[in-house]
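Student: A single structure is presented below for examination.
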Amino acid sequence: MQELFNIVLPVFGIIFAGYASRRFGLLREASAEALNSFAYYIALPALLFLSTARVPVDSILNWPFIFAYLCGALITLCVALLGGRLLFAHRGLSSLSLHGLAAVFANTVYMGIPLFLAAFGERGAAPAVVGAVASNLFFIGLVVLVLEISQHRGSGAVAAKEVAKALLSNPVLVAPSLGLAASALQIHAPAPLDRFLELLSRAAAPCALFALGLSLYGFPIRAGAGEIAWLTLLKLMLQPFVTWVIVGPVMDLDPLWAASAVLLAAMPTGAIVFMFAQKYNTYVQHSATTVVITTALSLITLGFLFSWYGTIVPANP
């Protein structure tokens, strides 16, 4: 539990620093957009490239684990999209897609990997990294596709051309694709380039979280409380439960990988959802609040799950 606090509390510290900077006039609203642009176009691609290039392809392609984790997320996504349309009247493709993403996209990198190392030792790194790579490639690709389609109107041929162009030039899709290619071909970046990318990648989460704090200023936390509660329930309760059913009674995965799928599903909403919201100028305030609320409440849900799985999958078997 102490490890959980050690990882989560600094996250809130960065968010609060951004909020306080806006509150006391040190930075203006435009600063959030600038920081988010840096994270989206520069720091995050470096992180996604390294996270895929450094993992052997045969380790990434653990298909039963990937299927179980993504299947749990997709079932939850369907529920979220249905609820977003019927309960909260999201008609636009952009806002509805981000509503769904907020319900399923987990903070696998900055919370998942450190917590797995603390709970399961070195062997916990593999499932955490594989889960992060799989969810990043699948959900980032899916949401970018949907958001680009929603942004480009006009004739079918023109829209298709513009969407294809946007996808092929999108840094958060190109970077992990290049990383997978580098891993498959066993290409290693020269030491200076690797260090350069490492430094940039470390800036992704702090910049995104700081920008999130900046954006929260002036937004009443109770606004959209019903929708935030709905998304929190889906992210912290439904997704891990559905995943547990799939990895246990249905697929009977290895205990470590089964536990990893459930724990990754239970991670709070990742800040990248807010990054997409601000990039496409839609669903910004709701996505920011969902990140904050799910992160806070995950102290309870993750504390319980890690304690329970710690007795089933000890760090040193």
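The values are calculated or read from the model by the stated rules, or taken from the named source; none is laboratory data. Keep in mind the model is a prediction, meaning the values are calculated, not measured. Using ideal geometry, Cβ is built from the backbone for each residue, glycine included, and neighbour counts are taken over all protein chains shown.
Student: Counting only residues that are surrounded by 14 or more Cβ atoms within 10 Å (Cβ to Cβ) and farther than 15 Å from Met275 by Cα, how many does the range 23-51 have?
Tutor: Within the range 23-51, residues that are surrounded by 14 or more Cβ atoms within 10 Å (Cβ to Cβ) and farther than 15 Å from Met275 by Cα number 6.
Student: I've got another one for you. Taking the criterion of being out of contact with any strand residue (DSSP E or B) (no Cβ under 6 Å at 6 or more places or on another chain), on the phi > 0 side of the Ramachandran plot and surrounded by fewer than 23 Cβ atoms within 10 Å (Cβ to Cβ), would at least one residue in the range 286-306 satisfy it?
Tutor: no
Student: Something else: How many of the residues making up the range 267-308 are in a loop (DSSP other than H, G, I, E, B) and in contact (Cβ under 8 Å) with a residue 40 or more places away in the chain?
Tutor: 7
Student: Within the range 229-255, track down each residue that is more than 17 Å from Met267 (Cβ to Cβ), among the aliphatic types (A, V, I, L, M) and in a helix (DSSP H, G or I).
Tutor: Result: Ala229, Val245, Val250.
Student: Residues in the range 164-174: is at least one assigned to a helix (DSSP H, G or I) and either on the phi > 0 side of the Ramachandran plot or at pLDDT 80 or above (or both)? Break it down into steps so the answer makes sense when it comes.
Tutor: From the range 164-174, those assigned to a helix (DSSP H, G or I) are 164-168, 171-174; that's our starting set.
Among the residues that remain, those that are also either on the phi > 0 side of the Ramachandran plot or at pLDDT 80 or above (or both) are: 171, 174.
Looking through the range 164-174, at least one residue is assigned to a helix (DSSP H, G or I) and either on the phi > 0 side of the Ramachandran plot or at pLDDT 80 or above (or both).
Student: Does Ala20 meet the test of being part of a helix (DSSP H, G or I) and without any contact (Cβ under 8 Å) to a residue 24 or more places away in the chain?
Tutor: no
Student: Separate question: When you check Ser31 against the structure, is it hydroxyl-bearing (Ser, Thr, Tyr), farther than 25 Å from Leu142 by Cβ and modelled with pLDDT of 90 or more, yes or no? Talk me through it step by step, then tell me what you get.
Tutor: Working: hydroxyl-bearing (Ser, Thr, Tyr): yes; farther than 25 Å from Leu142 by Cβ: yes; modelled with pLDDT of 90 or more: no.
No, not satisfied.
Student: Of the residues Val79, Val11, which is more than 21 Å from Leu173 (Cβ to Cβ), in contact (Cβ under 8 Å) with a residue 24 or more places away in the chain, crowded, with 20+ Cβ neighbours inside 10 Å and among the hydrophobic types (A, V, I, L, M, F, W, C)? Let's see the steps before the verdict.
Tutor: Numbers: Val79 fails: crowded, with 20+ Cβ neighbours inside 10 Å.
Answer to the selection: Val11.
Student: Next question. Considering each of Ala128, Ala118, Ala134 in turn, give the residue that is touching a residue at least 40 places away in the same chain (Cβ under 8 Å), part of a helix (DSSP H, G or I) and buried (at least 23 other Cβ atoms within 10 Å of the Cβ).
Tutor: The match here is Ala128.
Student: Considering only the range 52-67, I want to know if a residue exists there that is over 18 Å from Leu264 (Cα atoms), surrounded by fewer than 18 Cβ atoms within 10 Å (Cβ to Cβ) and within 20 Å of the chain's Cα centre (by Cα).
Tutor: yes
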